[in-house]
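Here's the structure, in structure tokens; my notes come after.
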Amino acid sequence: MATIDNDPLFTSLCSTKTLQSQQEGFFNTFYQTVAENFTGKNEHWLRDVFGKVRSGDDCAKLQLLFDDPVVCFEVLGTLEHVKPVFRGKDAKFSWQRREQARKLLNEGKTQQALLMASQAVMKAPPQGVDQQIDQGMTLACALWTRAEVLIQALDGKRALVDLQMAVKAGFPVKENGEYYGRMAKCYALINELKRAEISAKLFHQLSGFNDYALGRLQEDIEDLKILKSEEVSAKSRETEGKLPELAGGENASLSGASAKIALRGSRENAGKGQYIVASEDLKPGETILVEAAYGACLYHKFFGTHCNQCFARLVAPMACPECCGVAFCSPECRDRACSGYHRFECQYLDLMIGSGMSILCHMALRLVAQAGTPEKAIEVGQEMRQALCAHCEFRDQEDYFQRALMAAFLLRCLQKAEFFGRRKTEAAEPTPIEAQVGGVLLFLLQSLQFNAHEVYETKIAGDHRIDTAKVQYIGVALYKTGALLNHDCYPGVSRTFLGTTMVLHTSRSIAKGSDVPENYGMHFLRQPMALRQRNLRSRYWFKCDCKACSEDWPLMEKLSDKPRLRCPQPGCSNVIDYPPKKTKEAKCWKCRKNVDLEASIKILQQCEDIYAEGAKLMESAYCDESSGSQDERTAEAVGVLIKGIALFNEVAVPPHKPTHVAEECLRVCFADQGSVYRM
């Protein structure tokens, strides 16, 4: 580490943050208890014993914790006490919330009623678990109540799902006319009028052909349809984005990538390793990556507002059948998670959160758990070792040991959750195959520090979409192709997310054969070079030598609007300083010719006029109340901004303040096509 780091203390703090997000969690106490053995005659144990095991041999490093008498007793003693800690179901609480929901709905407080009804659904145990309340039908009753609330909220699609789920949970529908009455309302709200008519006929039949009841139902349906049409014309609170198409079609060898980019280098390369380049000239605004997450974890504080599986905002959450710790946006997401990773996390989720571990630790466990079997997890580990860097050889032995201890804890959680099947012993010592999975965990605990991406949504408060838009980070994900892009303080791409899918658009022109870089830290516009370098060295363990750093480009407020100009002579690749006011001629030192820069300066002025036009379109789009008009004008603004940025690249090189402002505008437009929440 000393060879690449000039601030070891800050580096240590950064690494600790990627392992423990909460120092008050019990993992820190666990480590301190074990570390007390590194005193007296054993004070050099980390260096002389643990450190002698080859860096990168993660299975051997981990096994040492269970075998070496200096540390094994404290390690095993703590791991023996790992047991389920999770938020369980509560039928009485569910019943209370359901009654509150009904009361609020009668008072016309639909949103508050929806909150109470959703809490009732989340806390309700499965059918037959608690016979004392609702005769074991608490979940069915909670779903039935929430369906009623959703109908009043004009959300026929989600109400229909709740009704169907209530039936699966045991709600009686045979000879139940009210059930078909609600179904008729749901179908009417989603404009499936034929099905609404059939459901109304069944309601009429099961109500004993009560014409008065049918008339009342039809009146309710008409009222709901009118209210729904008024809601559709109003401004929507949420925007459902659409994944864009890849420029040039799909790449045959890179997951989710455009055919216009390619992989270069190798992981063994001491310089760049593997990295992405342009295989064709790329223009601004081209979509070069649309990649689904290989694995994704939601930040704990968003467990109650976002789907644990797809990161969508929750409206009518679905719960795990066993716990109340996480929520899902739909039965599909719930079933996918509960049949996969969540069955191994479910009863240990609160324990893991209470340990104080970082989300990257949770991510390491998630990648193993979603593999489904130990054998598949080992295959995943081998695949990740080929694709991701971990910088094992540079890692401080104390930090390495802490990660090994975390891997041991996560492995114990998997043992207790029966990821390895029903074990013959309760002892924490791993079997050979368990030790291999533990080695995978330890590798991931190192590599995710350098390869995971934070996932964000754009949060907008009020009507003005530019001034009130803020990035809100909601989770972390791993992208196999996305992790291969190198860093540049002046990135070539704009990164947005739609759920857990990453979308990369080019933000400037990139020549064939050149790096396609993104930004790991801060853009040169927002942070001075010395601070960027310090953060990148300590967080990602490399010295940035991008042009913005090597030339020490100024921050946004100090940028000039007089860029260097490309030599207009054919075949000359030189750039020339912007000429003084009195002349538009200069001499190129490379081709040794006097050149007239007047045409280039006129094109530069044309670029700035184009940027101004794009900004006006963007402003009008984001202040317009009509969503259709917004989308059209945003697309028009994008097209204009792309034209100006591409034109600038033909005659000049950055830095150039108006161009960087235009690139930022382009980024905002692309972000508006991703996950957006309007408050």
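Read-outs: derived from the displayed coordinates by stated rules, not from any lab. Keep in mind the model is a prediction, meaning the values are calculated, not measured. Every residue, glycine among them, receives a Cβ derived from its backbone with ideal geometry; neighbour counts consider all protein chains shown.
If Lys and Arg each add +1 and Asp and Glu each add -1, what is the summed charge of the other residues whose beta carbon sits under 14 Å from the beta carbon of residue 557? Don't skip to the end; give the middle numbers.
On the way: positive: 526, 558, 657; negative: 561, 664.
Local charge sum for residue 557: +1.
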Descending principal axes extents, the range 557-674, alpha-carbon based, whole Å: 56, 27, 21
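Express the relative contact order of the range 1-114 as a whole percentage, based on alpha carbon pairs under 8 Å and six or more residues apart in sequence. List each step's numbers first, then the result.
Working: 37 pairs, mean separation 14.9, N = 114.
About 13 percent, as a whole number.
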Neighbour-count order for 129, 70, 503, fewest beta carbons within 10 angstrom listed first: 129, 70, 503
Förster radius 30 Å - calculated FRET efficiency between residue 164 and residue 313 (Cβ-Cβ, nearest 0.05): 0.90
Separation of alpha-carbon centers, the range 86-118 and the range 188-210, rounded to whole Å: 28 Å
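In what sequence, highest mean first, do 34-41, 422-429 appear when ranked by Cβ atoms within 10 angstrom? Before the final figure, lay out the partial values.
Numbers: 34-41: 13.5, 422-429: 11.2.
Taking the mean over residues of other Cβ atoms within 10 Å, the ranking is 34-41, 422-429.
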Cα-based convex hull, the range 89-152, per residue volume (Å³, whole number): 58 Å³
Relative compactness, the range 513-605, computed as alpha-carbon Rg over 2.2 N^0.38 Å: 1.38
Radius of gyration, Dmax [the range 463-577; alpha carbons; angstrom]: 16.7, 50
Between the range 641-674 and the range 343-370, the Cα center-to-center distance that results, in Å: 41 Å
Extension gain (nm, one decimal) between residue 522 and residue 543, 0.36 nm per residue minus Cα-Cα: 6.1 nm
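What does the charge add up to near residue 123, with Lys and Arg as +1, Asp and Glu as -1, over the other residues with Cβ less than 10 Å from its Cβ?
Numbers: positive: 87, 89, 92, 97, 98; negative: 90.
Counting the neighbours of residue 123, the net charge comes to +4.
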Listed values [x] 66, 63, 50; [y] 78, 59, 48; [z] 98, 74, 40, entry calculated as Cα extents along the principal axes in Å: [z]
Relative contact order (%) - criterion: Cα under 8 Å, at least six apart; region: the chain: 16 percent
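So for 212, 341, fewest C-beta neighbours within 10 Å to most, what's the order? If you can, show how the numbers build up before the last one.
Values: 212 8, 341 23.
The order, fewest Cβ neighbours first, is 212, 341.
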Positive minus negative residues near residue 596 (Lys, Arg vs Asp, Glu; Cβ under 12 Å): +2
Residues 50, 524 arranged by fewest to most Cβ contacts within 10 Å: 50, 524
Modelled label reach - residue 132, point 7 Å along Cα→Cβ, the range 92-122 residues with backbone N closer than 11 Å: 92
